[in-house]
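Notes for the one structure printed next.
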Amino acid sequence: MSFDLVVKGGVLPDGRRADIGVKAGRIAAAEPLPDGVEAGRVIDAAGDLISPPFVDPHFHMDATLSYGTPRVNASGTLLEAIDLWGELRAVATAEEMAARALEYCDWAAAMGVLAIRTHVDVTDPRLAGAEALLSVREATKDWLDLQLVAFPQDGLYRAPGARENLLRALDMGVDVVGGIPHFERTMQEGADSLADLCRIAAERGLPVDIHCDETDDPMSRHVETLAREALRHGLGARATGSHLTSMHSMDNYYVSKLLPLIAESGMNAIANPLINITLQGRHDTFPKRRGMTRVKEMQALGISVGWGQDCVRDPWYPLGAADMLDVASMGLHVAQMTHPAEMARAFTMATETNAAIIGIDDWGLRPGARASFVVLDAGNPVEALRLKPARLFVVSNGAVIAESPRGAARLSLPGRPERVSRRSSG
């Protein structure tokens, strides 16, 4: 059998050695192949980690790469960031948002991020963000799975016209129903908004992904309403609660009731570690809360938990580089996931778990799956988390779309090796 592309000698995340043979945009073989196999291109990945693509299930592409416009977030708080975004949103054009988003998609390609679920603010009646990101989705469709969430940033009920704008955005082709119940004027209106949003999602057959309880207030308990509404409408894994940071401050007895309800509903959870630990706990002196939800506790009950990047160089976060290994590394540190099995799971969360959360089911390193994968300058998932290494090759739908050099450094030290690599020798 001849192949369009063969990657030789790689190591799969489970430790098996395998060659990957690609034909017509699909994985045709994931096993040792004979030397001299016929292929349009052969990549030598001897000892390098071959991974499913990275997936970002929670991002804000309409705001990305806008840091400092109209000014810097001086307090570093979530509320100042929302105010800043409101000022930028009022003057940003669809063309400008699309240009920034496309630049970010270039970054994603280079870092092996081949699927992104991005929230797009529908508060502005112009729906310029939806227009911009629908055009970006079309422009990148050959290599990037881009899902759009209709997100009423200022509240479904709190912002005038937001509900109508959300429905218009969905009619335009936006993929997912979004919301932010803790930003409504009252707890009751927050709960009412969740009931409304889940009903809309059920009626339209769409997923629902909610910014839920992104606050230090332990009494912000909208996730229980989201779980209840997911159960009521049979949404299951089509329902996702993102952030869930109030859980870091909740009473343990209440959480012992809450987590089984979330598990029963079948909904997903997404932590955004870089942003959660940056924005939360800003009112604390010491002891200072870390601001991230209860990742391991949810996983122990079978709840599917993913990692999200959330923000890159925008009013909420001044850093970021489209690197899901950076996100996963921070997540495992804050969640104290340092057992080898936990670290391996932290890596899987950024790839296969995230893909499942946003409903992608044809990815993986198996025959018949889409030929999208990443070759990393690391020998295993834990080493990849430690090094955050170069993405040597990024393959999307059978085509190599990005290449990077290895990370070894050249030394000029008497009596020492000429080159140094931080990869383990074992």
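The values are calculated or read from the model by the stated rules, or taken from the named source; none is laboratory data. These figures come from a predicted structure and were not determined experimentally. Backbone-built Cβ (ideal geometry, glycine too); neighbour counts: all protein chains shown. Ligands, DNA and RNA are stripped out before the accessible areas are found, and what is left, the full protein with its side chains, is counted by its heavy atoms. Shrake-Rupley method; radii C 1.70, N 1.55, O 1.52, S 1.80 Å.
Write out the trypsin sites (Lys or Arg not before Pro) in the range 135-166 meeting two conditions: DSSP loop, and at most 15 other Cβ atoms within 10 Å of their Cβ.
Values: sites: Arg137, Lys141, Arg158, Arg163; in loops: Lys141, Arg158.
Within the range 135-166, the qualifying trypsin sites (Lys or Arg not before Pro) (loop, at most 15 other Cβ atoms within 10 Å) are Lys141.
In a reduced charge model with +1 at each Lys and Arg Cβ and -1 at each Asp and Glu Cβ, the chain shows a dipole moment near 1100 debye about its Cα centre.
What helices does the chain have that are whole DSSP H segments, at least 18 Å long along their own axis by Cα, and with mean Kyte-Doolittle hydropathy of -1.0 or more?
Numbers: long enough: 78-91 (20 Å, 0.80); 94-110 (24 Å, 0.01); 187-204 (26 Å, -0.22); 252-265 (20 Å, 0.37).
Flagged H segments are 78-91, 94-110, 187-204, 252-265.
At a probe radius of 1.4 angstrom, the accessible area of the range 188-254 per residue rounds to 35 square angstrom.
Stretching the chain fully between Glu203 and Arg232 yields a gain of 9.2 nm (0.36 nm per residue, less the alpha carbon separation).
Given a 1.4 Å probe, how much area per residue of the range 303-346 is accessible, in Å²? Don't skip to the answer; put the middle values down first.
Details: 1440 Å² over 44 residues.
On a per-residue basis, the range 303-346 sits at 33 Å².
For Val400 and Lys296, the FRET efficiency from 1/(1 + (r/R0)^6), where r spans their Cβ atoms and R0 equals 41 Å, is about 0.65.
Let me have the relative contact order for the chain, percent, based on Cα pairs under 8 Å that are six or more residues apart. Before the final figure, lay out the partial values.
Working: 974 pairs, mean separation 79.8, N = 426.
Relative CO of the chain lands at 19 percent.
Note on the chain: with neighbouring protein chains present and a 1.4 Å probe, carbon and sulfur make up 53 percent of its accessible heavy-atom surface. When the surface is traced with a 1.4 Å probe over the full set of protein chains, Thr123 keeps roughly 20 Å² accessible. Note on Lys23: aspartates and glutamates with a C-alpha under 18 Å away, same-chain residues under 8 apart excluded, are Asp4, Glu31, Asp35, Glu38, Asp44, Asp142, Asp362. Amide H contacts for Ile180 (H built 1.01 Å from N in the peptide plane; partners 5 or more residues away or on another chain; cut-off under 5 Å): Leu156. Rounded to the nearest 0.05, the FRET efficiency derived from the C-beta distance between Thr338 and Lys288 at R0 = 30 Å is 0.90.
Each of Ala46 and Glu189 was given a label point 7 Å from its Cα along the Cα-to-Cβ line. The distance between the two points is 6.6 nm. Checking the cross-link filter: which lysines have an alpha carbon closer than 30 Å to that of Lys257, excluding same-chain neighbours under 8 positions apart? Within reach: Lys288, Lys296.
Would you please state which residues of the range 277-292 a label at Asp83 would reach in this model, taking the label point 7 Å out along Cα→Cβ and a backbone N cut-off of under 12 Å? Counting only backbone N, you get no residues. Across the chain, the longest piece that holds none of the GluC sites (Glu not before Pro) lying in DSSP loops with up to 14 other C-beta atoms within 10 Å covers 39-417.
Got a sec? Which residues in the range 319-335 would a label at Asp106 touch, if it sits 7 Å along Cα→Cβ and we count backbone N under 18 Å? In the range 319-335, the label zone of Asp106 (backbone N under 18 Å from the point 7 Å along Cα→Cβ) covers 320-323. Accessible surface ranking for His339, His243, 1.4 angstrom probe, highest first: His339, His243.
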